[in-house]
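Colleague: Shown below is the structure under consideration.
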Amino acid sequence: MGVETPGSQSSLHRANLERVVRAVRTAGSLTQAEIARTTGLSAATVSNIVRELKEGGTVEVTPTSSGGRRARSVSLSGDAGVVVGVDFGHTHLRVAVGNLAQRVLAEDAEPLDVDASAAQGLDRAEQLVRRLIDDAGIDPGKIIGVGLGVPGPIDVETGTLGSTAILPGWAGTNPRDELAARLSVPVHVDNDANLGALGELVWGAGRGAADLAYIKVASGVGAGLVINGQIYRGPGGTAGEIGHITLDESGPVCRCGNRGCLETFTAARYVLPLLHSAHGSDLTVARMVQLAREGDPGCRRVISDVGRHIGSGVANLCNLLNPRRVVLGGDLAPSGELVLAPIRESVSRYAIPSAARQLEVVPGALGGRAEVLGALALVLSEMGDSTLLDGHAPVGASLSA
């Protein structure tokens, strides 16, 4: 085989193949006309490349319509490989298995003890991944990679979980390397808010938005930032820690050590005790939302106050980054306008008027699945296009052991 040289016809053809694969991989599916617009390649070139990729088993082509005209939709082949998503929350573990055509093949969730160690949690994840793969009859050799979500800041260079993680027994651990050692497949790790943003961007309320912020309010508060269609993590991996914006320097002490952080006015463990006298100490956010929707005045007031505080943080994001869309996820999202209206009110009050006018605030479409679907999307975004063109080694074979 001859060696490809820069600028040669073969290297140009290879580059065009990768451009088409990358466009389809990122979008999930595109018509050939959309591929041409996205890549800048001519319609004839795209048609020839799609034919070649289809014959090689990399993509599949199905009839569709676009603008009232017949068209052909191109997506990655469901047989080209499998990816796994793992999401650790404050009290849950969720795993999903999907193919490269962005179809979920299997999914399950289990409760997780917040006080469990990282080793215990990762052991549970390994067991659940193996069970789903086995139950779905998937060849472990087709697994290309695993996406892992954890509730805390991740050092982008080392993969180490920061000290402000929601799971106390996980701080300072390297869940990426530890899960990779268990499963013998490449693992990509990110915090839960970033993965929520990816999930909503690919499958949910963020579709079509190149610039957005996903706000997750649960046991903590975080933001996943999408700029020009890409997750922005910052050089240290801590971009989007909106929960630690200071609202009141004399406020409650936050787990980060500062006082009056946004999280101390919005996270579940701070706001639920406000309602314990009326609804008992076993009150959950889901129950609070239900009661609020049924008209309970105390629950409605607490949710409204939380919305106003979140809106203050969103206003800061508007002034700094000017996103087009904010997607609210986490446990409060089902409260709908009870929380969204106060968020919009605070944004209108505190954000630069031009930024506030351009902003759309919407609830997430994926609910509790946003992060695990984002974990699948993380693998798809991180994998190299050459993996699909050249085939991949059966790195997942040990899963069947």
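Colleague: Can you tell me the relative contact order of the stretch 295-364? Whole percent, Cα pairs under 8 Å, sequence separation 6 or more.
Modeller: 46
Colleague: If amide hydrogens are placed 1.01 Å from N in the peptide plane, which non-local residues have theirs closer than 5 Å to the one on T64?
Modeller: A71, R72, S73
Colleague: May I ask you to evaluate 6.51 cos²θ - 1.76 cosθ + 1.60, the Karplus curve with θ = phi - 60°, for each residue of the stretch 273-280 and list the ³J(HN,Hα) values in order in whole Hz, giving x for glycine and proline?
Modeller: x, 5, 10, 4, 5, 9, 10, x
Colleague: Right, next: Calculate the dipole size of the chain relative to its Cα centre from +1 charges on Lys and Arg beta carbons and -1 charges on Asp and Glu beta carbons; express the result in debye to the nearest 20.
Modeller: Approximately 1280 debye in magnitude.
Colleague: Could you check the simple spin-label distance between D134 and D177, using points 7 Å along Cα→Cβ, in nm with one decimal?
Modeller: 2.9
Colleague: A follow-up question, please. Return one number: the angle in degrees, 0 to 90 and rounded to the nearest 10, between the long axis of the Cα atoms of helix 337-350 and the longest principal axis of the Cα atoms of the chain.
Modeller: 90
Colleague: Quick one: grab the alpha carbon gyration tensor of the stretch 205-365, order the square roots of its eigenvalues as a ≥ b ≥ c, and give me rounded if a/c is under 1.5, else prolate or oblate depending on whether a/b is larger than b/c.
Modeller: prolate
Colleague: While we're looking at this one, here's another question. Give me S42, S66 sorted ascending by neighbouring Cβ count inside 10 Å, so fewest comes first.
Modeller: Sorted ascending by nearby Cβ count, the order is S42, S66.
Colleague: For the stretch 1-111, what's the relative contact order in percent, using C-alpha pairs closer than 8 Å and at least 6 residues apart?
Modeller: The normalised contact order for the stretch 1-111 reaches 19 percent.
Colleague: Suppose R0 equals 22 Å. What FRET efficiency, 1/(1 + (r/R0)^6) with r the Cβ-Cβ distance, do R103 and E52 give to the nearest 0.05?
Modeller: My answer for the efficiency is 0.40.
Colleague: Against the longest alpha carbon principal axis of the chain, how many degrees, from 0 to 90 and to the nearest 10, is the axis of helix 118-135 turned?
Modeller: 50
Colleague: If neighbour count is taken as other Cβ atoms inside 10 Å, put S250, S11, S304 in order from fewest to most.
Modeller: Starting with the residue having the fewest Cβ neighbours, the order is S250, S11, S304.
Colleague: GluC sites (Glu not before Pro), restricted to the stretch 197-253: which are DSSP loop and have at most 15 other Cβ atoms within 10 Å?
Modeller: E249
Colleague: Tell me, in nm to one decimal, what length is gained between R22 and E157 on full extension, where the rule is 0.36 nm per residue of separation less the Cα-Cα distance?
Modeller: Length gained, R22 through E157: 46.2 nm.
Colleague: Quick check: the distance between the Cα centres of the stretch 79-117 and the stretch 239-259, to the nearest angstrom?
Modeller: 31
Colleague: Tell me, T266, T238 in order of fewest to most beta-carbon neighbours within 10 Å?
Modeller: In order of increasing Cβ crowding within 10 Å: T238, T266.
Colleague: Please turn the phi angles of the stretch 326-331 into ³J(HN,Hα) values with the Karplus equation 6.51 cos²θ - 1.76 cosθ + 1.60 (θ = phi - 60°), one per residue in order, whole Hz, x for glycine and proline.
Modeller: Each residue of the stretch 326-331 in turn: 10, 10, 8, x, x, 5 Hz.
Colleague: In sequence order, what are the phi-derived ³J(HN,Hα) couplings for the stretch 59-76 according to the Karplus relation 6.51 cos²θ - 1.76 cosθ + 1.60 with θ = phi - 60°, rounded to whole Hz, with x for glycine and proline?
Modeller: My calculation for the stretch 59-76 gives 10, 10, 10, 10, x, 8, 9, 9, x, x, 10, 5, 8, 10, 8, 10, 9, 5 Hz in order.
Readers should treat all values here as calculations from the given coordinates under stated rules, not as data from a laboratory. Remember, it's a predicted structure, so these values are computed and weren't measured experimentally. No Cβ is skipped: glycine too gets one built from the backbone with ideal geometry, and neighbour counts run over all protein chains shown.
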